[in-house]
Amino acid sequence: MRIRTVALVNAVVVVVATTVTAGSANATTVSTVTGPAAAAAPPVISADAVMAHLRKLMDFANSSNNTRVIGSTGFTSTVSYIKQQLDGLGWQTTVQNFQAGGRAAANVIAEWPYGDANHVVMAGAHTDSVQAGPGINDDGSGVAALLENAAAIARTQLRPQQRIRFGFWGAEEAGELGSNYYVGHLPSGAIGKINAYLNFDMVGNRSEGGKPVGWGFYREGQQNGLNRPFATYFDQHKVAYNNSLDTQGRSDHAAFKRAGVAVTGISSVRSLNELGRCYHRACDDLTDVDRNSLGLAANAIAAAVWQLAGTGATRSPGLAGVVGAVDR
């Protein structure tokens, strides 16, 4: 999550883009996954598995002067690792390379090749850190939670009714440049096929000052109904949350919201005044994340994505209600 709002992508990004798709001469070929339809409920995602991804991201930062900022080897190693993981799971991946303020940046877009491609449930997290630190909570936590969700989908051979797409955004810390780039370069009509976008920026906070971890759901989701599956999951586990977190447009959901997509997200903070003592600092490392927070977030994401994508016998009523309510 970045510090303040800056100008939109067209004003700050030098657009020199190339696309690398899995199966091309420069990328690993993705094999088609076949198998029976999966059960309607997601499996339990292990917090240890999420932590394993964070240890890899920390290794990349350690080899790059304690940072994964765009333009650094820590960032490029992160992008390569994400793509490698997803390719190995059978997701269809695309890398979007672009320039941001003279530095190399990239998005990784991953699509599970099942479900109606005209109705997409999308989720995302940003891959870059600030210069000052490794960004393990902000936002390695969101990246790691999504990677384990991708693994759960692949291992259960999920056959959702809606298409599931994950976005791993570069240059969020420079002003949400990666997500703006993606939305701005979609083919004509493609934005209207995205029924919902879910954002996961900082989901691993630790308890500080004797207070329990504070959770917040974006206020947009309270208004459009997308917070319902998260609320159900948190209520079942008796975890308190703020159902109307005002992010002030300071993360990657903002580009989708401006384009008319229904958005929400969750974060392990109650408000932007409680981002944690290591926010955007060198100490945002493995000691700055909590295993229980990571496990809770990863499984809440799974509950929401599986419900919204329609994994049961009928189309998800939550998504159907949102789609019917959004004016495109």
Phi to ³J(HN,Hα) by Karplus 6.51 cos²θ - 1.76 cosθ + 1.60 over region 64-78, Hz, x for Gly, Pro: 9, 6, 6, 8, 10, 5, 4, x, 9, 5, x, 6, 5, 5, 4
message: Using each residue's phi in region 190-206, evaluate 6.51 cos²θ - 1.76 cosθ + 1.60 at θ = phi - 60° and report the 3J(HN,Hα) Karplus result to the nearest Hz, with x for Gly and Pro.
response: 6, 5, x, 8, 8, 7, 7, 10, 10, 10, 10, 10, 6, 10, x, 4, 8
task: Give a residue-ordered list of calculated ³J(HN,Hα) values for region 85-91 (Karplus: 6.51 cos²θ - 1.76 cosθ + 1.60, θ = phi - 60°; whole Hz; x for Gly, Pro).
output: 4, 5, 4, x, 8, x, 7
- request: Let me know the Rg and Dmax you get for region 9-322 when you use only its Cα atoms, in Å.
  value: 17.8, 53
message: At a 10 Å Cβ-Cβ cut-off, how would you order Ser293, Ser188, Ser141, fewest neighbours first?
response: Ser188, Ser293, Ser141
- request: Averaging over all projection directions, find the projected area of the Cα convex hull of region 75-185 and quote it in nm² with one decimal place.
  value: 6.7
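Here, each number is a calculation from the coordinates, and none is a lab measurement. What you are looking at is a predicted structure, and each value in this text was computed from that prediction instead of being measured. Quick reminder, even Gly has a Cβ in these numbers, built from the backbone with ideal geometry, and neighbours come from all protein chains shown.
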